Ligand code: ADQ
């Protein structure tokens, strides 16, 4: 990094306001993106980075309480009206792009007015960025909510340095082409306003390059597309986690106590999973696999417990509400089918858990069962690995996650094949401590060496290089 100011754009700002008993306070949010951006090693001499995001509070609340948000960033909320925000976020972003990019075309619910809202929201954020932009700033745009933003900014500020990172998969062209040509080209052209477009994996990057070629007729050379005046570079930057945070937390007093409590409550084999409520996370398929195991291997009845934590998410969208009901019905059915008066196979929680509860669960369980049917990366798998100071525990991981590329020592499964998952569960239940250790050590080395700080630093360094190249070519 050098001394350039950083402008970060993401849908959410990393905090919200909470009012309890008439007292308003700031609640910091945790997620992968927030941790990643906040762990950037900025030089002490660098100006305060600016973070632009959509407000989930009113301008009045912001004016009254912004003094409470006091940290290393300057925050700039963009206020969208309710209808625009709904069409932008629940509509086009999460009912078209999210399902499509995760290979769920039948879940796409397209409406012209949602696309209009998406365009209007991107324009509003662009206006704010253009107003704030100073020479030499580095702009870092995050995720599928803002695919058109790089080009919108470029049209206003031709020499801006713009990086874009996609946190979800970029699908193959056969999936992308399901979008009407006009809409598809609008999104691709939007990304081509950036100097650098980053993905979690080489596959996603290749899908993007191929889509630009097939849809727009733009050739690429060594991962770079020449788009008029702009050279658009692409790269694979697999996001990491704050390894030390999770590793050290395993020995925290609060975590040790929570872990003891869990072990006391569940003395038998413990299987654990945690996901946001989302059809991409494969919770139903996971329950099918558990059922298959219990059906075929009655010797495990009464000897294992599956703790299933589902974190509330996007509950305004119909498919998410339906999914919650389906999960609850399946949990009830499986518990009713196999449970006894003194034992139930599944403990289900639909709620947030605290950080210490999360680490206690990661470190108390024998098996982490992480089986999304599609996931850009999946940080939960990496957090589980990092937190196992004892080098024990088995990771069963879907091969359809970005994380599977880096965690080859996990038991990799196809989440749609319930019998394969059941077989791997059986294998994991019997795995020797030695084999667990060997697999865990190798995964830990990898997760520790490319952590979130490295990820963010690599992306910003690559973006700076594009800026220096552009400046040099202008001098020539
Ligand atoms: P997500 O789909 O949200 O992220 P994931 O990568 O698993 O999925 O990250 C979830 C994060 O939420 C983890 O850091 C986890 O610790 C945290 N979390 C879990 N339970 C929680 C709880 N109860 N309360 C608060 N936080 C909790 C998207 C993409 C992923 C990609 C990430 C980062 O869908 O594929 O890995 O962005 O790029």
Look at residue 411 and say whether it is more than 16 Å from the ligand (Cβ to nearest atom) and modelled with pLDDT of 95 or more. yes
Pull out all pairs, ordered by first then second residue, where Cβ-Cβ is under 7 Å, the residues are six or more apart or on different chains, the first lies in region 144-167 and is under 16 Å from residue 124 (Cα atoms), and the second is modelled with pLDDT under 95. 154/230
Checking residue 215 against (1) part of a helix (DSSP H, G or I); (2) closer than 30 Å to residue 450 by Cβ; (3) away from the ligand (no atom under 16 Å from the Cβ); (4) in contact (Cβ under 8 Å) with a residue 40 or more places away in the chain, which test does it fail? (2)
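Restricted to region 328-352, and to residues that are more than 15 Å from residue 305 (Cα to Cα) and loosely packed, with under 15 Cβ neighbours inside 10 Å, which residue is nearest to the ligand (Cβ to nearest atom)?
Applying the filter and picking the extreme gives 352.
Pick out the one residue from 416, 426 that is over 17 Å from residue 365 (Cβ atoms), at pLDDT 95 or above and either surrounded by fewer than 22 Cβ atoms within 10 Å (Cβ to Cβ) or within 16 Å of the ligand (Cβ to nearest atom) (or both). If you could, list the steps in order and put the result at the bottom.
Numbers: 426 fails: over 17 Å from residue 365 (Cβ atoms).
Residue meeting the stated conditions: 416.
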Filtered residue count, region 374-399, keeping only those that are without any contact (Cβ under 8 Å) to a residue 40 or more places away in the chain, within 11 Å of the ligand (Cβ to nearest atom) and outside any helix (DSSP H, G or I): 1
Kindly list the number of the only condition in (1) within 18 Å of residue 141 (Cα to Cα); (2) out of contact with any helix residue (DSSP H, G or I) (no Cβ under 7 Å at 6 or more places or on another chain) that fails for residue 123. (2)
Matching residues, region 270-290, being over 28 Å from residue 99 (Cβ atoms) and either within 16 Å of the ligand (Cβ to nearest atom) or surrounded by fewer than 17 Cβ atoms within 10 Å (Cβ to Cβ) (or both): none
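Can you list the strands (runs of 3 or more DSSP E) found entirely within region 227-343 that contain at least 2 residues being farther than 26 Å from residue 402 by Cβ and touching a strand residue (DSSP E or B) at 6+ places or on another chain (Cβ under 8 Å)? Steps first, please.
Numbers: elements: 230-236, 269-276, 304-311.
Per the criteria, 269-276, 304-311.
State which residue is farthest from the chain's Cα centre (by Cα) when the search covers only region 183-212 and only residues that are assigned to a strand (DSSP E or B) and either under 18 Å from residue 152 (Cα atoms) or touching a residue at least 40 places away in the same chain (Cβ under 8 Å) (or both).
Here is the first cut: in region 183-212, the ones assigned to a strand (DSSP E or B) are 196-199.
Still in the list and also either under 18 Å from residue 152 (Cα atoms) or touching a residue at least 40 places away in the same chain (Cβ under 8 Å) (or both): 196-198.
Working: 196: 20, 197: 17, 198: 14 Å.
That would be 196.
Any residue at all in region 31-42 that is away from the ligand (no atom under 16 Å from the Cβ), under 22 Å from residue 161 (Cα atoms), part of a loop (DSSP other than H, G, I, E, B) and modelled with pLDDT under 95?
In the first step, residues of region 31-42 are kept if they are away from the ligand (no atom under 16 Å from the Cβ); the result is 41-42.
Checking the rest, the ones that are also under 22 Å from residue 161 (Cα atoms) come to 41-42.
Filter once more, so that each one left must be part of a loop (DSSP other than H, G, I, E, B): 41-42.
Retained after the next criterion (residues that are modelled with pLDDT under 95): 41-42.
Scanning region 31-42, I find at least one residue that is away from the ligand (no atom under 16 Å from the Cβ), under 22 Å from residue 161 (Cα atoms), part of a loop (DSSP other than H, G, I, E, B) and modelled with pLDDT under 95, so the answer is yes.
The values are calculated or read from the model by the stated rules, or taken from the named source; none is laboratory data. Computed from a prediction, not measured in an experiment: that's the story for all the values here. As a convention, Cβ positions derive from the backbone with ideal geometry for all residues, glycine included, and neighbour counts pool all protein chains shown.
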